[in-house]
Amino acid sequence: MNERVSWQVCASCGQELAASDPRQRCPACRGLLELRHRAPPMTHGGLRALLDSRLGVRRGPLASGVWRYRELVLPEADDSLVSYPEGNTPLLARPAVAAWAGVPELLLKHEGHNPTGSFKDRGMTVGVTQARRVRATAVACASTGNTGASLAAYAALAGIPALVIVPKGQVAVGKLTQVLAYGARTILVRGDFDACLSLALAAGERLGVYLLNSINPFRLEGQKTIVLELLQQLGWEPPDWIVVPAGNLGNTAAFGKALREACEWGLISRVPRLAAVQAEGAAPFALSYRDGFATRHRVQAHTVATAISIGNPASYERAVQAIRETDGVVLAVSDAEILEAKAVVDASGAGCEPASAASVAGARQLVRSGVIRKTDRVVAVLTGHLLKDPDVVLAYHQGTDAPSPRANRPVEIEPKLEEIERVLSARATP
Ligand code: F0G
């Protein structure tokens, strides 16, 4: 028999499935599935050198910041990949953001620079490639917006019909615009994200559509490359902390797996600590962390960061493992802290959507409580682009309610030069 290249394993009972099995959950116990691969052809320095040798590649699969790591992502994928390419996102130093967070060596891994403006493209290139390999006739997802935008774009690229299920009235305008424009069949559900996910799961099982939510293990293989790429950008010298916004917990889970494998295969010799940051109004994982993960909590979610407005995260068990294995922490930040962090990130020129700023707000809170030391090297992940949610930006800067602490109010004038002069001199005097 040929040596297996990749296979799926149930994270709860250990049952194994072929990589080509399109089922969403373990048929024996309904646990979450995880992908395993045979060991890469080389490890340690050899593997680092192989990956580094691809950095200059400009064409073909290896130009992608996901498929550059193909031995660790989906080694058996041939060249019929569904790729833009994606990834290759910048690791930014923004001193004003670092100063606000209170930790000078803070870097921002900006995933908003992906083709559809969020990290979801990294998972979607792998997920839609797999959908093609299992000959899916349609793909679907429930989404707070970004997954839907990414699915719609990659399905268009692959020529597969897509169904996107979103909570009506709770999706940022930039994201809904993308889903419609890329041509996905769009369902607005009169309910929250958690209701949408239940519907999508049922549609996946009963209606034969291939589900591409982050419970799909192929998605997580792609999302691992956020960590692999940032480690490579740091010359394989790991930071002390990686801070990530947390909603449905796909990223937290993917980051844990990436770090486990990076260590196992000798890419790094020390594991950074993970910090998963939720919004206070949608913090079931932070609640569980506080009681030592004794209870899995569910909440009715409500936050300005609609991307992470999730009350019953699907990748809970995998994320618990990720936090345990990395000596990680889970915390919650308020909407006010998220909006202030976002204003600081935006004014630095980097810019991000509200959910993304949770990582920077979380880093600040951890520095203030002494968990992150001021000398630590920290990478905060910005998960989505500033233009995803323009309504929140406009409400912050020109809202009529109580003025926001960092509001940059526009000034309306008559078309006269004196008026511009007046505005300029008013700015100069504090
Ligand atoms: N940041 C952004 C911008 C997101 O869109 C999401 C999730 C997260 C953070 C949280 O990541 O779910 O892996 O913990 N958005 C999903 C969606 C739920 O449907 O677009 P997670």
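The values are calculated or read from the model by the stated rules, or taken from the named source; none is laboratory data. Owing to the predicted nature of the structure, the values given are computational and were not obtained by experimental measurement. Counting neighbours? That spans all protein chains shown, and the Cβs are built from the backbone with ideal geometry, glycine included. Ligands, DNA and RNA are excluded from the accessible area calculation, which covers all protein heavy atoms including side chains. Shrake-Rupley method; radii C 1.70, N 1.55, O 1.52, S 1.80 Å.
Quick look at the numbers
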{"item": "Shape of the stretch 311-364, Cα gyration tensor, a/c cut at 1.5", "result": "prolate"}
{"item": "Ordering of 180-189, 413-422, 245-254 by burial proxy (mean other Cβ atoms within 10 Å per residue, highest first)", "result": "245-254, 180-189, 413-422"}
{"item": "Rounded accessible area per residue of the stretch 253-300, 1.4 Å, Å²", "result": "40"}
{"item": "Candidates 335, 52, 346, ranked by Gaussian network fluctuation over the chain, Cα under 10 Å, top entry", "result": "52"}
{"item": "The stretch 61-93 and the stretch 131-167: distance between their alpha carbon centers, rounded to Å", "result": "19"}
{"item": "Extension reserve of the residue 334-residue 78 stretch, reckoned as 0.36 nm per residue once the Cα distance is removed", "result": "87.7 nm"}
{"item": "Backbone N within the stretch 177-210 under 12 Å of label point (7 Å from residue 300 Cα along the Cβ vector)", "result": "192"}
{"item": "Sequence-separation-based contact order of the chain, relative, with Cα cut under 8 Å and 6+ spacing, percent", "result": "16"}
{"item": "From phi via Karplus (6.51, -1.76, 1.60), per-residue ³J(HN,Hα) for the stretch 68-73 in Hz, x at Gly/Pro", "result": "4, 9, 4, 4, 9, 10"}
{"item": "Pair residue 49, residue 407: separation of 7 Å Cα→Cβ label points (nm)", "result": "6.0"}
{"item": "DSSP-loop trypsin sites (Lys or Arg not before Pro) across the stretch 276-372, with at most 15 other Cβ within 10 angstrom", "result": "296, 298"}
{"item": "The stretch 62-207 - charge dipole about Cα centre, Lys and Arg +1 at Cβ, Asp and Glu -1, debye rounded to 20", "result": "340"}
{"item": "Prolate/oblate/rounded label for the chain (Cα gyration tensor, a/c 1.5)", "result": "prolate"}
{"item": "Extension gain (nm, one decimal) between residue 374 and residue 16, 0.36 nm per residue minus Cα-Cα", "result": "124.4 nm"}
{"item": "Under-5 Å amide H pairs with residue 107, H placed in peptide plane, nonlocal only", "result": "378, 379, 380"}
{"item": "Per-residue ³J(HN,Hα) for the stretch 344-351, Karplus 6.51 cos²θ - 1.76 cosθ + 1.60, θ = phi - 60°, Hz, x for Gly and Pro", "result": "5, 5, 4, 5, 7, x, 6, x"}
{"item": "Long-range HN-HN contacts of residue 332 with modeled amide H, under 5 Å", "result": "278"}
{"item": "Overall form of the stretch 349-430 per C-alpha gyration tensor (a/c, 1.5; a/b vs b/c)", "result": "prolate"}
{"item": "Principal-axis tilt of helix 146-158 within the chain, Cα atoms, nearest 10 degrees", "result": "50"}
{"item": "3J(HN,Hα) from dihedral phi, the stretch 98-111, Karplus parametrisation 6.51/-1.76/1.60, rounded to Hz, x for glycine, proline", "result": "4, 5, 5, 6, x, 9, x, 8, 9, 10, 10, 8, 9, 7"}
